[in-house]
Structures are given as structure tokens and as C-alpha cells.
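Everything on this sheet refers to the single structure shown next.
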Amino acid sequence: MKKLSLLILLVSFKAIAFAAGANPFVTKVYTPGSFPIAKKGKVSSILVSGNDWPGVIRAAKDLQLDIEKVTGVKPDFVADKKSTMAIIVGTIGKSEIINQLIRANKIDVAGIAGNWESTLIQVVKNPVAGIDSALVIAGSDKRGAIYGIYELSTQIGVSPWYYWADVPVKKSETLYVVGGRHVIASPAVKYRGIFLNDEAPALSGWSRKEFGGFNSKFYGKVFELILRLKGNYLWPAMWGSAFNDDDKMNPVLADEYGIVIGTSHHEPLTRAHDEWKRYNGGKWNYEQNPAQLRAFWESGLKRVAGKEQIITVGMRGDGDEPMTEGTATALLEKIVKDQREIIEKVTEKPAAETPQLWALYKEVQAYYDKGMRVPDDITLLLCDDNWGNIRKLPKLNEAPRKGGYGIYYHFDYVGDPRNYKWINTNPIQKVWEQMHLAYQYNANQIWIGNVGDLKPMEFPISFFLDYAWAPDAIPAEKLKQYTIDWSAEQFGEQFAPEIADILDRYSKYNGRIKPELLSDSIYSLINYNEFENVVSDYKDLEQKTSLIYSQIQADQKDAFYQLVMHPVEASANLYELYFNVAKNKLYARQGRFSANAFADKVSVLYKKDEAITHYYNKILAGGKWDHMMDQTHIGYTYWQQPEKNSIPKTITLAYKSNLNKAEMGLSIEGSDSSWTGKSKVNFTLPSFDYYSNKPHYFELFNKAKGSFSYEIKSSAFVKIKEVKGTVNDQKRIWLSIDWDKAPAAKSQAFVTVSASDGSKITMLLNVDNRRFADKNINAFLPDNGYIAIEAPNYTKAVGSRPIFWKNIPNYGKTLGGMMPVPVTSSTQNLDPNTPHLEYDIYLNETGTFELNSFISPTIDFTNGDGLKFAVSVNDEAPVVVNISSDYKTETAWRKSVADNIKIFKTPLKFSRTGKHTLKYWMISPGVVLQKLVLNLGGLKPSFLGAPETFVLK
């Protein structure tokens, strides 16, 4: 009963602790053996030894402020003094008070001491004379102690995002820590951090306004955030900035806080590239100017001697460009050798004792692939393709390197095929899938994410750092729960599931196509109602978000707007804007009188975008975040951002002088054509099928200003929503079939529309009322010339130990993704026992039909002969598909990352009607299937692929 009661108490005050922290240990109710942080208007004091690390003492003072924010009472902060009830904080081997507790056997630090960034949190009775009870936070090292402090802050109700997203603290007058040992184990990834990059105009403008630039006041806020998120590593802002030169206190403060500083992939030996310009550097060319470069690097390294750094070695060309046109392997090897001599000279110890990295970024990877090697102690920082697809991973069977491997990953990018900097477009499902690969392939020394302006990447930053700490604690099945927990940490339990759903959906929608790539022609306006549906989905999401915003507490609204509402509101508006541009252009071609109204709507929506930006910058949180939404995002003409937003072009029709003479026009679903006068439509509506039973529509529209009346006639089995009526601008008419009255086989029907202007237009309908004789079909059926199947909706998943299939829920463009695990499995040889997915379908025709396989744009991280899968039908021989073969061309890569999908078309022969089984076969690990679409001759172009067809049970 005691265990059950304790569980209930913990659930009732669920201080969320993620994989990066300890299990929840804070409650609002006393239990036997618990420690009172706050009760009856009193709070426990905080005790820190004066000889401890300055960063630990500083973090403990943050805890003092955090407890005051939560309880309203400020704890006493004492150094080496006694107090009846105390929170004792310190570093094992450094803190006098912690060492005293160890010697007196008051705490057992076995399994903590000597580890990297580990923490013991324990309630101790009578730890020392004069103290009745203490909460001891003992870190294995400086950051271990700091993480323990901030873990307690988080669990009492202070979000790591309290400053950077204005998340309010959760007030409580009573706080207890449950008795016993609570351990924060060492992280899986040693160095975990963020890169502030592409930081103009947003972050740079905001930092100048708020702090006067990228100085120590600014970085103090960044350092604290990283530590509260249990990160330890930073690449500072570098667009026109120089961390060590802009403010001499920057590196001093970083070292005090406990933040490891590095420089970006093209800034060797701690020197910001901007410094080369500042100090009149000559040619950035080691063959022509080695002496000046060596002196530049050496003087830079001397500035930070003795501080915790990871030193970038190597060299790229001036301005983050390739160094030479060829592969300058010998030159780069000499550069690294000379740089290590500088490191030894400055540090007065072997170079291997100073952490270093070599970033295999872009063309630099080719140097490695063609044989260049660096000393074993240097971490090889592997990179993604700037679009979230890892380019290379270590071989599983290679000898371990002392320096290991790391990953440089992008949440933001400036470059081809398009910048993406404005808002978060990073679903954590994709981040999980790629970083899971990195973890399983032992690229775990360094993980650093390019997070752009930091805001608005709050959620993916949290996930990236949490996952880096303990990947095994967040499998794909727990991604939804992770999002719920994160939402609860920021906003409480009441709306956490709903908020998590919003975070999931908006990042999925924005992950389909970056907003900067969005246009009026990306989504199909005429096929599958695709554009209309995605706009409707975003409007629905916006309504749900607004409803929650109206119900949450007043002090949560600023945080909710930043973390949840703004990306939804801004994206929904952008989608509607381009939807109206598309409507305007189509309607102008069709001569609709309403075309100009859609042009006017575009203008309204463009101004709304400006208003949303203005609210974020000037009004939100009292104007605190001014400039943070300065990033342009409308009006791209090539990869680089426009200097300012510009309204998309629309068409304004010049109408005839006699506008009041109404004239009927007609358009139909699935066609961009239109018909007027007395005519027969030479294009049929999508077919009406008994099993899918979908309605279809045509539209009547006015080509002038007046109105007209209409009447519709058709066969008795055609059901018409509005047989008669009047049209001013336009009206959508829905048709469906009375299947009991329709002919029992395939048939046709005519629909005739007569109007008061003398128009008379006839359409032909195709109706398929065939019933299958087979019973219990349980298969996907055709619909309008195709069968579409979402990958997770398989009929059967066939594994082969130890390989099985994993669904990544909500992954990719539509429903989810299927991948074989473990991802470290060997390449499979095809035989009947090879792991595969089966999808049952039913056909009423024969022929050779094209199977479209929708595959994530994963790069061949093995650097072999390509990642592969195979497809087959029934017991026919599988057809092997290499998803990497076209990546030899930049054009194919650009399309795959812009579309965030690769579609492979494979002809398959169906020699009989009836039930068939499509089979998708694993060959390579790491390949993720999102969708299968069988083209039976009627598949139409669309961005997301045809919607899933009907399953007859």
C-alpha cells in the first residue's frame, strides 16, 4: 500500500523528468522519509562549499531564485555553515562538505564517482552535526553537480525555457523530495550541443536590442539554457561575429558555467572566420600564406589556453567554400599536422590530450573517402546533407577510434535548394530516425545541432538533447508520450495531450515541404482535393490551437503563443495565401468573375502575415522578442532569401462593360478546364464506385456580375445535392449514387445543367456498381484507377530473427513509416524467409501496372553500392530497387530533399483478377517505407501521393 500511495502522490504532482533526468522524485505531500524543500511558509537553506567550482556555486544561486519563484520564499544561501534543513550541493572530490559525507559513509557514491556527468540525489538524515535532514546533490564532476541542481529546479516547476520562451513557473507552497537514492546516469553522447548559425537578421537583431550584441550578457542566457537542458557544448554565432573577440568575458564565462566551446566546421583553432577580415588577413590559402595563418591560429588558441574546448582542425576555403577544386588530401594532411604542432606548443602537452574534431562537411568527406586520415584521437564529425539526412556513419566492424565519431545535424540551413530559417520544420520522428542510426552505429562522441536563431527551435532542441542523453529511453513507440510530457512540463497536465497533438501535426505539415519552398503549385488544386484538404487541415489545427489559447491561464499565453500557436497561425495563413493564389490563377484562366476576389484575398492574407510578425516582434511579452521574427519567408526566387517579403503575383481580370449580364460557366472535379454555352464536357468526373462510395462534384460559376438560375437533370439513380438554385459567384454541386437503383455493372449516366442565360451543358458520369462474388476479401480495392496503401497498414509483417519491423508513428508525409530493425542488420539476401511486408489487394482487371514506392530520402550512410529494397507480387521474383543510384546528380538530390520523399516506379505484372499480395522486401537497413501506390491507369499527379483507398473487410 505504501508503494501504491507513493505512486499516486507522484502522479498527482507529475514533475516531468525525461530521459536526460532522474525519475520524478518531487511531490506536494509528505511521505515517511521525504525531505521538505518547502512547507508552512518555510524553505530549506542551500549549502555549498566555498571551495567548489564557481559554476556549481552559480547554479546553486539559480536554484535559490527558482525556489523563491515557485514558493514565494527565498532560501538562505550558506557556504560551509550549518542549517537545520539544507539542500547540500557539491562536486565529488572537490566539495569539502560532499567529501565529508563520503568519508562519514553518509552517502555512497559508488557508480557515480569517476563517471562523466553523473549525479546522486539523496535524502540523508543527520548528515553532519547541526543538520537534521538534508537533500544531497552530489555530482561526479562539475556538470554532474550542475545537472542535479537544474533537475531539481525542473521538477519543482521551473521549465528550462522559463526565459527563452517565457514559460511560467508552477507555484507551490509545499514541496517534498521522496526519500531514497535518485540517480542521473552518465549520458550516452559525451558532448551534446547547439550551433547558433544563420543568425541574421533575427537573432542578431534581437541580441543587439536586448543585450547590445553577442556579448557575455547574451551568452550567459544561452549557457544557462544549455545546462538546464543537460547539454554541454556550443558553437557560437559566427555571421559577422567572433565569440572570443567580441567580448573578452565570453570565453571566461563559458568556462565558469561549464560550457565546452567549439567553432564551426570551417573555423580552425578557435578563430572565428570574421576575425581574419578584422585583422587584415591576406590570402586564406595555406599553400600561399602559411606563416600568417599559423600565427593567426596560434594567437587565437593562446586566448583560451586552459579552458575547456573542442578544437576544430582542418580548413575549408574562404567564406565556407571548398578549399580547392580538387581533393587536396596532401595539403589538408599537412594543415592538420601543423595545427597539432600549434596545439602542443600552446598547451605544452601532447596534442592527443586536447579534444579535437575534424568535420567531414560537404566536399571534405571526399578527402576522407579517398584515403585521407587524421590522428586517432581526433573526433571525426560526420554530417548530414543539411536537410536532416546523415551522409556517412562508421563501419560497424572497424576498429574503434580513440576520438570516436560525432554528428553535425541541421534544423536550419542556408543554401541549396532553398534556405529554411523561418520557423520549426523538424518533426522529431525524422530526427529520431536519423539520430537512432547515429547512435546504433556508435557515432556518439559529439552531437551538435545547427539550430539557427535558437528560437523558434525550442521543441526540437529539447528533444535532440534529451535523446542524446539516453536514446534507449525514447524508442519510437514513446515519441508521442515524450511530446505529451514535454507539453505538460511547459503548460501542465490539463491540455498536454491536445498540445502534443498540435506540436506533432504542425511539424509534420511543415516537414512535408519547407515554407520557403511552398508556392501555389506545390499541392494539386484539382487532383484529390489535395490543396483544399491540406489548407483545411491547417485551419482545423488553428481552430484547436485557438480554443486552447482561450482556455489556458493568462500567464501561460505568451509561452503558448511562442511554442505552439505562432507556428500554427503563421503556417495556416501562409498555406491559405498560396491556396488563394492558386485559385486566383485557375479562376482567371476559366474566366470566373470571382477571380479578382481571390486576388483581393491574397492581399488580405499577406497583410495578415505582416500582422502576425508585428505581434510576435512588437507586442508579445511586452515586445521582449522584437526582431526574432524578422526572417523573410515569402518571395523566394532561388535558394537565397529575398531581402524583403513580397506578395505573390496574382491575375486581375478586366471584365466586359456589361457586367450585369450573367453567364454560366462549369468546371468539374479533377480538371482545370471549363465549359460555357451549349456544350458537352469532354472530360469525365472521377468514377463513382460502389465500394468506395465517394461523392464527386462539379462547380457552376458566374463569368459576370449578375446572377443566373439553373436546373439539373440526370438519371434516377444519380443523387444531386441541389437540383435547382441560383448562382451569384459560384456554387459546388455534389453528386452521389443510389446504388440500389443503379445498374448492376459498369454504366454511364448523363447530367445536364440548364441555366437562365440559355446555357446547356452535359456531362458524362462513369458508374461502377459491380459486386465481388468473393466473400471476406479483406484487401485494398481500386478507386479511380489506383490503389494507395499507407505503409503501417500492412496485412502481414514477416520478420526473421533478430530482424523485425518497426512502425514510426506519424513519421513522414502522411501516416507513418516502416523500417526494419535493428538498423545495424546486415544486407539481406532475398529468399522466402527474408523480412518483408505484405499488403493484400484486390483487382478486377489484369495487366502490367506500375507500383510507386514512397521512400524517405535516406542517404547511403554505409558509402557502399547504395541502399536497396525490393518489391514483388504474389510469389513472383522480387525486383530490386537501388534508392541511391540517382544521387550521383545534384538535381536528383535537390528534388528529393525539397520534396522530402523519393518515389520509385516498378512495373509489376498481374496475370489474373482477384486477390493479390504486394510484397515489400528488406535488403538494406535504414530504408524507410512511407507509402505504396499501384497505378492501374488512373493515377493523377499530387504532392502527397493519392489518398489511401478503401479496404473491404
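The values are calculated or read from the model by the stated rules, or taken from the named source; none is laboratory data. Keep in mind that what you see is a predicted model, and the values were worked out from it rather than measured. No Cβ is skipped: glycine too gets one built from the backbone with ideal geometry, and neighbour counts run over all protein chains shown.
Tell me which residues, restricted to the range 585-636, are within 30 Å of Q730 (Cβ to Cβ) and polar (S, T, N, Q). Working first, answer last.
To start, the set of residues in the range 585-636 that are within 30 Å of Q730 (Cβ to Cβ) comprises 585-612, 634-635.
Passing the criteria: Q590, S594, N596, S603.
Just to check your reading of the model, which residue among G319, G326 is closer than 17 Å to T270 by Cα, modelled with pLDDT under 95 and either within 31 Å of the chain's Cα centre (by Cα) or loosely packed, with under 13 Cβ neighbours inside 10 Å (or both)?
Answer to the check: G319.
So, in the range 738-782, exactly how many residues are over 30 Å from E711 (Cα atoms) and touching a Phe, Trp or Tyr at 6+ places or on another chain (Cβ under 6 Å)?
3
Here is a list of conditions, (1) at pLDDT 95 or above; (2) in contact with a helix residue (DSSP H, G or I) (Cβ under 8 Å, 6 or more places away or on another chain), and Y887 meets all of them except one; can you say which number that is?
So the condition that Y887 fails would be (1).
Condition first: closer than 22 Å to G812 by Cβ, assigned to a loop (DSSP other than H, G, I, E, B) and in contact with a Phe, Trp or Tyr (Cβ under 7 Å, 6 or more places away or on another chain). Now tell me which residues in the range 389-414 satisfy that.
R391, L393, D412, listed by residue number.
Of the residues V167, V222, only one is at negative phi, not aromatic (F, W, Y) and not assigned by TED's automatic domain parsing to the domain that holds E256; which? Write out each step before concluding.
Details: V222 fails: not assigned by TED's automatic domain parsing to the domain that holds E256.
Result of the check over V167, V222: V167.
Residues that are surrounded by fewer than 21 Cβ atoms within 10 Å (Cβ to Cβ) and of a type in the set (S, T, Y), at least 1 per element: which strands (runs of 3 or more DSSP E) completely within the range 746-832 meet that? Even if it seems obvious, please write down each step before you answer.
On the way: elements: 746-755, 760-768, 786-790, 796-798, 804-809, 816-821.
The strands (runs of 3 or more DSSP E) meeting that bar are 746-755, 760-768.
Give the range 202-214 a look and list any residue that's surrounded by fewer than 19 Cβ atoms within 10 Å (Cβ to Cβ) and either assigned to a loop (DSSP other than H, G, I, E, B) or acidic (D, E) (or both), or say none.
Answer for the range 202-214, where residues must be surrounded by fewer than 19 Cβ atoms within 10 Å (Cβ to Cβ) and either assigned to a loop (DSSP other than H, G, I, E, B) or acidic (D, E) (or both): E210, G212, G213.
Within the range 588-639, count every residue that is crowded, with 18+ Cβ neighbours inside 10 Å and at positive phi.
Number of matching residues: 1.
Can you pull out the residues in the range 337-389 that are among the aromatic types (F, W, Y) and within 20 Å of I448 (Cβ to Cβ)? Can you show your working first?
Within the range 337-389, the first condition is being among the aromatic types (F, W, Y), and the residues that meet it are 358, 361, 367-368, 387.
Correct list: W358, Y361, Y368, W387.
So if I check each of A295, A254, which one is in a helix (DSSP H, G or I), aliphatic (A, V, I, L, M) and free of Cβ contacts under 8 Å to residues at least 40 places away in the same chain? It would help to see each step written out before you state the result.
Values: A254 fails: free of Cβ contacts under 8 Å to residues at least 40 places away in the same chain.
After applying the criteria, what remains is A295.
Of all residues being in a helix (DSSP H, G or I) and basic (K, R) in the range 496-514, which is nearest to K557 (Cα to Cα)? Just the residue, please. Step through it out loud before you land on a result.
Initially, the range 496-514 is screened for residues in a helix (DSSP H, G or I), giving 496-512.
Subsequent filtering for residues that are basic (K, R) retains 505, 508, 512.
Details: R505: 20, K508: 23, R512: 28 Å.
So, considering only residues that are in a helix (DSSP H, G or I) and basic (K, R), the one nearest to K557 (Cα to Cα) is R505.
For the structure I just gave you, tell me whether K307 is assigned to a loop (DSSP other than H, G, I, E, B), at pLDDT 95 or above and in the same structural domain as L381 (by TED's automatic domain parsing). Before you say what the answer is, go through the steps one by one.
On the way: assigned to a loop (DSSP other than H, G, I, E, B): yes; at pLDDT 95 or above: yes; in the same structural domain as L381 (by TED's automatic domain parsing): yes.
Considered against the rule, which asks whether it is assigned to a loop (DSSP other than H, G, I, E, B), at pLDDT 95 or above and in the same structural domain as L381 (by TED's automatic domain parsing), K307 comes out as yes.
Among the residues in the range 923-945, are any surrounded by fewer than 19 Cβ atoms within 10 Å (Cβ to Cβ), in contact with a helix residue (DSSP H, G or I) (Cβ under 6 Å, 6 or more places away or on another chain) and at pLDDT below 95?
The answer is no; no qualifying residue exists.
Among (1) closer than 30 Å to K703 by Cβ; (2) touching a helix residue (DSSP H, G or I) at 6+ places or on another chain (Cβ under 9 Å); (3) of a type outside the set (V, I, T); (4) modelled with pLDDT of 95 or more, where does Y811 come up short?
Every condition holds for Y811 apart from (1).
Here's the yes/no breakdown for (1) modelled with pLDDT under 95; (2) of a type outside the set (F, W, Y):
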residue	(1), (2)
L659	yes, yes
W675	no, no
P686	yes, yes
Y690	yes, no
G706	yes, yes
V751	no, yes
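For the range 875-893, does any single residue satisfy the condition of being touching a residue at least 60 places away in the same chain (Cβ under 8 Å) and buried (at least 17 other Cβ atoms within 10 Å of the Cβ)?
Yes, the conditions are met somewhere in the range 875-893.
Answer with yes or no whether N527 is crowded, with 19+ Cβ neighbours inside 10 Å, in contact (Cβ under 8 Å) with a residue 12 or more places away in the chain and in a loop (DSSP other than H, G, I, E, B). Don't jump to the end; show me each part of the working.
On the way: crowded, with 19+ Cβ neighbours inside 10 Å: yes; in contact (Cβ under 8 Å) with a residue 12 or more places away in the chain: yes; in a loop (DSSP other than H, G, I, E, B): yes.
Yes, satisfied.
Can you tell me which of P127, P160 is part of a loop (DSSP other than H, G, I, E, B) and within 16 Å of W469 (Cβ to Cβ)?
Details: P127 fails: within 16 Å of W469 (Cβ to Cβ).
Being part of a loop (DSSP other than H, G, I, E, B) and within 16 Å of W469 (Cβ to Cβ) holds for just one of P127, P160, which is P160.
Working only within the range 45-79, note down all residues that are under 19 Å from V169 (Cα atoms) and in a loop (DSSP other than H, G, I, E, B).
In the first step, residues of the range 45-79 are kept if they are under 19 Å from V169 (Cα atoms); the result is 59-75.
Scanning the range 45-79 gives G72, V73, K74, P75.
Any chance the range 389-409 includes a residue that's surrounded by 23 or more Cβ atoms within 10 Å (Cβ to Cβ), touching a strand residue (DSSP E or B) at 6+ places or on another chain (Cβ under 8 Å), closer than 30 Å to I634 by Cβ and assigned by TED's automatic domain parsing to the domain that holds T329?
yes
Applying the selection to the range 467-501, what residues are over 22 Å from P567 (Cβ atoms) and either buried (at least 22 other Cβ atoms within 10 Å of the Cβ) or in contact (Cβ under 8 Å) with a residue 12 or more places away in the chain (or both)?
So in the range 467-501, the residues over 22 Å from P567 (Cβ atoms) come out as 468-478, 493.
Hits for the range 467-501 are A468, W469, A470, P471, D472, A473, I474, A476, E477, E493.
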